[in-house]
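To start, the structure under review is shown below, and the notes come after it.
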Amino acid sequence: MSRVFIVGLGLIGASLAKNIKKNIPKAWMVGMDSNPDTIEYALKYNIIDEATASFEEGVHKADIIILGTHIQITIEYIKQLNELDIQNEKIVTDVSSVKKPVMEAAKSLSSSNIKFIGGHPMAGSHKHGIEAAKSHLFENAYYILTPSKPGLDEQVRLLKDLLKHTRSLFVELTDKEHDKMTGIVSHFPHLIASSLVHQARNWQDEYPFIPKLAAGGFRDITRIASSNPALWEDILFQNKREMVEFLSEWIDEMINVKELLVSNKHEDVHQYLDSAKTYRDGLPKKKKGALPNFYDIFVDLYDRPGELYKVMKKLAEHEVNIININILEIRENMTGVLRLTLQTEEEQWTAMKVLENNGYEVSLNE
């Protein structure tokens, strides 16, 4: 029987706990969280089997320890591990989205019984907290593993065996490889999305109608700016060196684009946009990446009473769970006035087929 201790029952930690409990019934789950309400929720809904307020107690009870906390807190727990008398082997992993500071802390572990394997399940949500947790959150997502030293092949195998029901795609990288790649496709885009929101807000006093116009494509490309600020502050500062490098490159890039416009270089601007389109269109559509996926459909509706109810009724009859509804006033490059956000790609396609079969015009607008 696997005995698992999960520290931090937020979105990621609780989703891992849910997945393990669902697929490995004999696993015994011990949970710890700084929020008493979170622990109460985890026990009430059988996400964990028991709770502990003692990190030491949880460590001694477990074979595998998952640190599902913010990066700096994770580092503090790794330091605490060094102070414990560990008598039998423990596999320890984390879920941090920046690996270098965590792996540096792991290198200081002196006990030969602690086998540290860095981890980063690259899936998430714009929502956070245990109530947003889903057992299928990591399905088809990349799950990065960074062993702290050579010779941990057996421990990596055991960890993968525990997590195999997540249906993640496991990849082993060094901490440097991980931080550079996730920096450019996850951390840096969050900064850019936030800066775009600030730019719009700065113009709002002069143009009060901006929030109405921003309900279209602008809202979509800045959606990740709605993520947890405390979490992202931690990520950005832990990966500060990469962020500063990417910001410098971005500033140079924008200066170059500005000069193309000032100099009226139409052909160069066209080539700039075309090469970006070609690269973007070639990105995989089926895989989860570093940013959370959103499964939207867009539906054309007649402007008359009862139309929205009819759509909701049809989807409810097929047990399609809608997590967000938005009536679009601005419809640039879109055919639908109603945007529905679903939890999974499967529900997205089910909803699309159900509505098309009932005479609605539906698009995915990928």
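The values are calculated or read from the model by the stated rules, or taken from the named source; none is laboratory data. Computed from a prediction, not measured in an experiment: that's the story for all the values here. Heads up, the Cβs are rebuilt from the backbone with ideal geometry, glycines too, and the neighbour counts pull from every protein chain shown. These accessible areas exclude ligands, DNA and RNA; they are computed on the full protein's heavy atoms, side chains included. Shrake-Rupley method; radii C 1.70, N 1.55, O 1.52, S 1.80 Å.
Going by accessible surface with a 1.4 Å probe and the largest first, 103, 181 read 181, 103.
Treating each Cα of the chain as an identical point scatterer and summing with the Debye formula, the log10 of I(q)/I(0) at q = 0.08 Å⁻¹ comes to -0.49.
Surface listing: 241, 280, 223, 339 arranged by accessible area from highest to lowest gives 241, 280, 223, 339, probe 1.4 Å.
About its Cα centre, the chain has a charge dipole of approximately 700 debye under the convention of +1 per Lys or Arg Cβ and -1 per Asp or Glu Cβ, with nothing else charged.
Quick one: Debye curve from the C-alpha atoms of region 225-284, no solvent, what's log10 I(q)/I(0) at q = 0.20 Å⁻¹? Evaluating at q = 0.20 Å⁻¹ gives log10 I(q)/I(0) of -0.91. The accessible area of residue 310, taken with all protein chains in place and a 1.4 Å probe, comes to roughly 100 Å². For the pair region 198-264 and region 119-151, the centres of their Cα atoms are 26 angstrom apart. Between residue 300 and residue 2, the modelled label-to-label distance comes to 4.9 nm, taking each label 7 Å out from Cα in the direction of the beta carbon. Cross-link partners for residue 277 among the aspartates and glutamates, with Cα-Cα distance under 16 Å and sequence neighbours closer than 8 places in the same chain left out: 267, 268, 366. Pairwise inverse Cα distances across region 158-200, averaged and inverted, put the Kirkwood hydrodynamic radius at 12.9 Å. Computed across region 12-148, the Kirkwood radius stands at 15.4 Å (inverse of mean 1/r, all Cα pairs).
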